[in-house]
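Undergrad: Here it is, the structure in full.
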Amino acid sequence: MPHLLFSGPPGTGKTTAALCIAHEIMKEYWRDYTLELNASNERGIDTVRVRIKNFASYADRRAEIPFRLIILDESDSMTNDAQTALRRIMEESSRAARFILTANYSSNIIEPIQSRCAVFRFRPLSEDDVVAYLEEICKKEGVKAQRAALSTIFKATEGDMRHALNMLQAASTMGEITTESVNKITGISGKARVKEVIDAAMQGDFSSARTKMIELLQVSGMSEHDFIKYANQAISDSPLFASSVEAIEATADADYRLLMGGNPDIQLSAYLAHLAKVGKQTQRSK
């Protein structure tokens, strides 16, 4: 088996697949010969040089154990120095150890590591798969659920099984899972709420748009990344602004600034101000 890199959105089974491989290869010894680390928490060079290097450097004498396995979750959160050190360890320990890296964005993994791995890209799960699995859980747990409600959960989570399971559990506390109970848990979907923000901005109402944005981020707990993602979808779906190059460029610019560590409140407020300007110009031209 080569080193592996699993990339894709959250909740699509990357870590589960890595653990299945560990079970399949190591059998009952998998806990002894597998090191699992969350690289977003332990992402520094010291972790790589001490824990990972020490674990990977020991060859195993049991004939049924071909190598040690190191699973690094969220490896795209590792610093460049840590990734460079990891690259060296992957070279030195290739006979004694294999690595499985998971990442939301493979582009954040340095090229020398990517070239040493077989890359598998995970896609968001389909509605049929998510709904079928949620139905199976409801059946085993003795919970009544309407299929339309489970479809609503899928639409709110967009193929993220982990998020869907959490939402299912929250909705089950209200008894039978219906579309109404799911909507109470989620409010109206995040996508629809972001669309309201973008519509307000495009109509030139910056103050209202910013107030709704702050409520989404600080009260509802939506991440800045999700806000930008839904904003891009709202602009793409708009018959009036879908062809607005300036609006799309503003979205890309805001996304980049957030990824580079810009202050979310300042960057997103500037983004909405830019959309409000674009909206006014578009309305004048019409």
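Undergrad: Restricting attention to segment 155-176, report how many residues are closer than 20 Å to residue 126 by Cβ and of a type in the set (A, V, I, L, M, F, W, C).
TA: The number of residues fulfilling the criteria is 6.
Undergrad: Restricting attention to segment 268-279, and to residues there that are in contact (Cβ under 8 Å) with a residue 24 or more places away in the chain and surrounded by fewer than 19 Cβ atoms within 10 Å (Cβ to Cβ), which single residue is farthest from residue 222 (Cα to Cα)?
TA: 273
Undergrad: I would also like to ask the following. Quick one: what pairs do we get from segment 1-23, first residue more than 19 Å from residue 109 (Cβ to Cβ), second surrounded by 19 or more Cβ atoms within 10 Å (Cβ to Cβ) and at pLDDT 90 or above, C-beta under 6 Å, 6+ apart or different chains?
TA: 11/161; 22/69
Undergrad: Hey, does segment 211-226 have a residue that's part of a helix (DSSP H, G or I), farther than 15 Å from residue 267 by Cα, touching a residue at least 60 places away in the same chain (Cβ under 8 Å) and in the same structural domain as residue 251 (by TED's automatic domain parsing)?
TA: Taking every residue of segment 211-226 in turn, none turns out to be part of a helix (DSSP H, G or I), farther than 15 Å from residue 267 by Cα, touching a residue at least 60 places away in the same chain (Cβ under 8 Å) and in the same structural domain as residue 251 (by TED's automatic domain parsing).
Undergrad: Give segment 264-286 a look and list any residue that's polar (S, T, N, Q) and at pLDDT 85 or above, or say none. I'd like the intermediate steps shown before the answer.
TA: Here is the first cut: in segment 264-286, the residues polar (S, T, N, Q) are 267, 269, 281-283, 285.
Within segment 264-286, 267, 269 meet the criteria.
Undergrad: Right, here's the next one. Mind checking whether some residue in segment 34-54 is surrounded by 15 or more Cβ atoms within 10 Å (Cβ to Cβ), at pLDDT 85 or above, part of a helix (DSSP H, G or I) and touching a strand residue (DSSP E or B) at 6+ places or on another chain (Cβ under 9 Å)?
TA: Scanning segment 34-54 turns up no residue that is surrounded by 15 or more Cβ atoms within 10 Å (Cβ to Cβ), at pLDDT 85 or above, part of a helix (DSSP H, G or I) and touching a strand residue (DSSP E or B) at 6+ places or on another chain (Cβ under 9 Å).
Undergrad: In the list 208, 151, 181, which residue meets the criterion of being over 18 Å from the mean Cα position of the chain (by Cα), of a type in the set (Gly, Ala, Ser), part of a helix (DSSP H, G or I) and under 26 Å from residue 278 (Cα atoms)?
TA: Just one listed residue meets the conditions, 208.
Listed here are the residues, each with its yes/no results for (1) in contact with a strand residue (DSSP E or B) (Cβ under 8 Å, 6 or more places away or on another chain); (2) crowded, with 17+ Cβ neighbours inside 10 Å.
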| position | (1), (2) |
| --- | --- |
| 131 | no, yes |
| 136 | no, no |
| 142 | no, no |
| 150 | yes, yes |
| 158 | no, yes |
| 170 | no, no |
| 180 | no, no |
| 186 | no, yes |
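Undergrad: State whether one or more residues within segment 194-203 are of a type in the set (D, E, K, R), within 20 Å of residue 280 (Cβ to Cβ), touching a residue at least 60 places away in the same chain (Cβ under 8 Å) and assigned to a helix (DSSP H, G or I).
TA: Among the residues of segment 194-203, not one is of a type in the set (D, E, K, R), within 20 Å of residue 280 (Cβ to Cβ), touching a residue at least 60 places away in the same chain (Cβ under 8 Å) and assigned to a helix (DSSP H, G or I), which makes the answer no.
Undergrad: Just give me the residues in segment 188-208 being under 18 Å from residue 148 (Cβ atoms) and either of a type in the set (Lys, Arg) or surrounded by 15 or more Cβ atoms within 10 Å (Cβ to Cβ) (or both), in sequence order.
TA: Across segment 188-208, the qualifying residues are 189, 191.
The values are calculated or read from the model by the stated rules, or taken from the named source; none is laboratory data. Keep in mind that this is a model prediction, so the values were computed, not measured. Methodologically, a virtual Cβ is constructed for each residue, glycine included, from the backbone with ideal geometry; neighbour enumeration extends over all protein chains shown.
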